[in-house]
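A short worksheet on the structure shown next.
The values are calculated or read from the model by the stated rules, or taken from the named source; none is laboratory data. Keep in mind that this is a model prediction, so the values were computed, not measured. Here the Cβ positions follow ideal geometry from the backbone for every residue, glycine too, while neighbour counts run over all protein chains shown. Keep in mind that these areas ignore ligands, DNA and RNA; they rest on the heavy atoms of the full protein, side chains included. Shrake-Rupley method; radii C 1.70, N 1.55, O 1.52, S 1.80 Å.
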Amino acid sequence: MPQRLSEFLTQGNAPNDLTAVIMKLLEGCVTISEEVRRGALAGVLGEAGSDNVQGEHQKKLDVISNEILLAAAEQAGAYAITSEEMEAPVVNPQPTNDYLVLFDPLDGSSNIDVNVSIGTIFSILKKPNGLPRADGPRNDVANDSSWRGGNADEAIQMFLQPGTRQLVAGYVTYGPSTQLVITLGNGTTSFTLDQNEWWMTTPSMQVPVDTKEFSINASNARHWEPPVKRYVDEMLAGKTGPLGKDFNMRWIASMVADVHRVLTRGGTFMYPRDAREPDKAGKLRLMYEANPMSFLIEQAGGASTNGHQRILELQPQKLHERVAVFLGSRNEIERVTGYHKG
Ligand code: P6P
């Protein structure tokens with residue numbers, strides 16, 4: 001009989017209040033999974049008719065998933081919650097713990113309407129000591145200066161911690177099966193959902209240090225910086241090229257699905273910065289996409305950089321800041337990072 005998630009967390013000596021937050025978030029993911037599965041029959045496909053803080057058109061399921069996870073985190077007593085879909089954190093009026101929860105509620109939502117795997121990405125930090133508890137109605141601190149903890153900036157500041165401070169990182173992929181991949185700092189473990197229970201399916205995921213598979217949106221090639229062009233050209237040169245082997249390419253355009261493949265069989269996933277928006281460090285968000293994925297990848301023996309340094313060591317300056325991402329099989333990530341340095 002495979003191990004249940006709740007048993008795994010208990011055996012891992014996770015604090016009871018942290019286990020409660022994780023289990024509550026995953027209850028929300030079960031609900032999202034049911035909505036995703038029903039798709040058109042649930043009337044949840046298509047555009048929501050609104051834009052998020054990133055200026056992206058929201059899908060109905062983006063909004064639904066965000067509300068589900070926001071309620072779950074609040075009910076679990078999280079101190080404050082940040083989402084890709086919200087400009088500023090929501091501070092819990094009745095927190096029962098000091099955990100900060102961050103999530104991309106539905107990553108890859110451009111794939112929803114074409115029935116391709118999508119997912120939820122989450123990360124849990126600890127509130128810095130000394131900040132007062134909020135009280136009164138649920139505060140969206142961006143608009144409510146009455147927050148006892150000070151102003152919106154202070155609520156945002158407490159989230160701006162490097163990825164090395166994460167207590168938990170994970171994702172749920174809504175694919176042929178619904179799978180959870182999670183780390184609490186002692187390896188990366190996968191679970192599969194069945195009848196509202198999460199059953200352990202891979203105790204310790206390992207990313208092979210070498211690979212013949214890479215993942216990048218090659219339609220952006222003309223916008224890439226020279227080190228990325230050099231690296232991809234060398235892979236495309238195959239067996240007769242400088243890398244001496246043929247490579248295969250994948251691009252699902254759902255980070256969760258592409259990273260899940262890397263964690264399952266190795267490979268690299270890359271979203272470099274490019275000349276289209278030179279003032280942006282990349283497309284993917286540091287706090288609730290790159291950091292949790294980097295934690296999972298490193299805990300599985302892989303590497304993750306922004307082309308120059310370890311992503312987990314980056315000091316965030318803004319809540320929704322973006323970052324270039326090169327993650328996966330260690331020897332290949334070291335190669336492409338070396339090209340940036342060289
Ligand atoms: P592109 C989805 O919108 C996302 O944030 C990631 O999940 C995915 O890897 C990437 O963007 C896809 O970007 O430019 O290929 O559509």
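Here are some notes:
- Once the stretch 239-254 is narrowed to residues that are assigned to a loop (DSSP other than H, G, I, E, B) and open to solvent by 80 Å² or more (accessible area, probe 1.4 Å), the residue that is nearest to the ligand (Cβ to nearest atom) is ASP246.
- Residue match in the stretch 19-27 (condition: closer than 19 Å to THR178 by Cβ, in the same structural domain as GLN94 (by TED's automatic domain parsing) and among the basic types (Lys, Arg)): yes
- Failed item, numbered, when MET200 is tested on (1) open to solvent by less than 20 Å² (accessible area, probe 1.4 Å); (2) more than 13 Å from the ligand (Cβ to nearest atom); (3) under 30 Å from GLU7 (Cα atoms): (1)
- Filtering the stretch 304-320 for residues that are open to solvent by 40 Å² or more (accessible area, probe 1.4 Å), in contact with a helix residue (DSSP H, G or I) (Cβ under 6 Å, 6 or more places away or on another chain) and either within 16 Å of the ligand (Cβ to nearest atom) or closer than 19 Å to GLY108 by Cα (or both) leaves an empty set.
- Tally of residues being assigned to a loop (DSSP other than H, G, I, E, B) and either open to solvent by 40 Å² or more (accessible area, probe 1.4 Å) or under 21 Å from MET255 (Cβ atoms) (or both) across the stretch 166-186: 7
- The stretch 268-312: number of residues that are without any contact (Cβ under 8 Å) to a residue 24 or more places away in the chain, farther than 27 Å from LEU167 by Cβ and acidic (Asp, Glu): 2
- Yes/no for ASN143 being within 13 Å of the ligand (Cβ to nearest atom) and at pLDDT below 95: no
- Selection status of GLN195, open to solvent by 40 Å² or more (accessible area, probe 1.4 Å), under 19 Å from the mean Cα position of the chain (by Cα) and not acidic (Asp, Glu): no
- For ASN217: the one exception among (1) polar (S, T, N, Q); (2) under 30 Å from LEU69 (Cβ atoms); (3) away from the ligand (no atom under 11 Å from the Cβ): (3)
- The strands (runs of 3 or more DSSP E) located wholly in the stretch 1-102 that include 1 or more residues which are touching an Asp or Glu at 6+ places or on another chain (Cβ under 9 Å) and open to solvent by less than 30 Å² (accessible area, probe 1.4 Å) occupy 57-59, 80-83.
- When VAL232 is tested against (1) away from the ligand (no atom under 12 Å from the Cβ); (2) of a type outside the set (Lys, Arg); (3) part of a loop (DSSP other than H, G, I, E, B), only condition (3) is not met.
- Of residues in the stretch 72-110 being within 16 Å of the ligand (Cβ to nearest atom) and among the hydroxyl-bearing types (Ser, Thr, Tyr), the one nearest to the chain's Cα centre (by Cα): SER83
- Flag if THR173 is assigned by TED's automatic domain parsing to the domain that holds SER110, touching a Gly at 6+ places or on another chain (Cβ under 6 Å) and within 16 Å of the ligand (Cβ to nearest atom): yes
- Cβ-Cβ contacts under 7 Å between residues 6 or more apart (or on different chains), taken from a first residue in the stretch 209-236 that is under 22 Å from HIS260 (Cβ atoms) to a second residue that is open to solvent by less than 20 Å² (accessible area, probe 1.4 Å) and more than 16 Å from the ligand (Cβ to nearest atom), are listed as VAL209/SER329; ASP210/SER329; THR211/GLY266; THR211/SER329; THR211/GLU332; GLU213/GLY266; PHE214/MET235.
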